[in-house]
1. Determine the gain in length on full extension of the stretch Thr42-Asp64; use 0.36 nm per residue of separation and subtract their C-alpha separation, reporting nm with one decimal.
2. Compute the separation of the alpha-carbon centres of the stretch 4-58 and the stretch 100-144 and state it in Å as a whole number.
3. Using only the Cα atoms of the stretch 253-352, what do you get for the radius of gyration and for Dmax, in Å?
4. With only Lys, Arg, Asp and Glu charged, each at its Cβ (+1 for the first two, -1 for the last two), find how big the charge dipole of the chain is about the Cα centre; round to the nearest 20 debye.
5. Helix 53-63 against the longest principal axis of the chain: what's the angle in degrees, Cα atoms only, rounded to the nearest 10?
6. What's the ranking of 238-244, 12-18 by average number of surrounding C-beta atoms within 10 Å, highest first?
7. Toward the positive end of the charge dipole of the stretch 4-51, about the Cα centre and with charges on Cβ (Lys, Arg +1; Asp, Glu -1), which of Pro17, Asn38, Pro50 goes farthest?
8. For the chain, what is one quarter of the convex hull surface built on the Cα atoms, given in nm²?
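FYI, it's all coordinate maths here, none of it is from the lab. All values reported here derive from a predicted model rather than from experimental measurement. Cβ placement follows ideal geometry from the backbone for every residue including glycine, while neighbour counts extend to all protein chains displayed.
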Amino acid sequence: MKKLNDLVRPNIRSLKPYSSARNEFHGEASVFLDANENPYNTAYNRYPDPMQGELKKRISELKDIAPEHIFTGNGSDEAIDLVIRAFCEPGVDNIVTITPSYGMYEVAAATNNVGCVKVNLEPGFRLNADAVLNAAGEHTKAIYLCSPNNPTGNLLSREEIYRILKYFQGLVVVDEAYIDFAATPSFIRGLLSFPNLIVFQTLSKAWGAAGIRLGMAFASSEIIAILNKIKYPYNISRPAQQCALEVLSREACMKKQLEEILRERTQVETALEQLPFVKQVYPSDANFILVRVEDAQATYNYLVEKQIIVRNRHSIALCEGCIRITIGTPEENNLLLQALKNYYSLGIRKENNR
């Protein structure tokens, strides 16, 4: 890869970050008169740890990686945005991503006046590394890859990702929001071999904590230092940090829920394949299934009438006719499947009554 100093924006390279009161003092004290806080309402009156030290220590233990390689943000969306803000010059640079994929990469680029070049996945939603590399130009600073991919659900080929990591001179972001549902190791282990690699993960999916908005980025200590340099001083609230620590203490519970979701995923896939109006059930390595049906809008509308909400992905490139179904509890999945059977039966009756 290029030297990090050549990738980072010049103004970010020379930026002197804001130093908060909690950055300047480290240690124990009985009287805090340095941050202009209200001395009352002691549950929430103090600013949170700006660097999330205790939380990063726990993440470090779980992921077997040193804290200096960890960034914690307000969801993965904060890290998505910060990478672009730190490395892409507005009006000049661009990112490359795949399509279909998570839409926030393109939104974050557009918000920062940074171009976004999209490369179509191949049939079966397969990644073509050469197509991605050929789309990257002189001003491409980062490539964003979601694996398992959203909304397709499949893991991208590790060999193709490694090829991109080997030959692209900029940053390669591998978004692993759904990695806990896949039977494959994380790319975190690749950080030692690829200094241009950034890995995103989250507490929103397998850990069941979407409401607290806690995302993680793993990268070289130099990249993490740059992200910390430009983040908001107190980007993770005290309640969010406390809740995250509580969530991460329940690893056994998470694994038990994960096993049930995977069992349910298999059962839902099998049941969907039996429905005549379902044209294709795509293999999934995530906690959702992409399903091609005869009429995505009509299917979606019928489920809404039954107060069952799925995601209509018909308008997404290469997902024409598709709906995306999240795996719920066994009871929720049974309600979904029964509604879809009724939808088919209703369609048959209408056809017979013509």
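1. Gain in length upon complete extension: 4.5 nm.
2. With the stretch 4-58 and the stretch 100-144 each reduced to a Cα centre, they are spaced 34 Å.
3. Final numbers for Rg and Dmax: 13.5, 49 Å.
4. With Lys and Arg at +1 and Asp and Glu at -1, about 240 debye.
5. 50
6. 238-244, 12-18
7. Pro17
8. The directionally averaged projection comes out at 20.7 nm².
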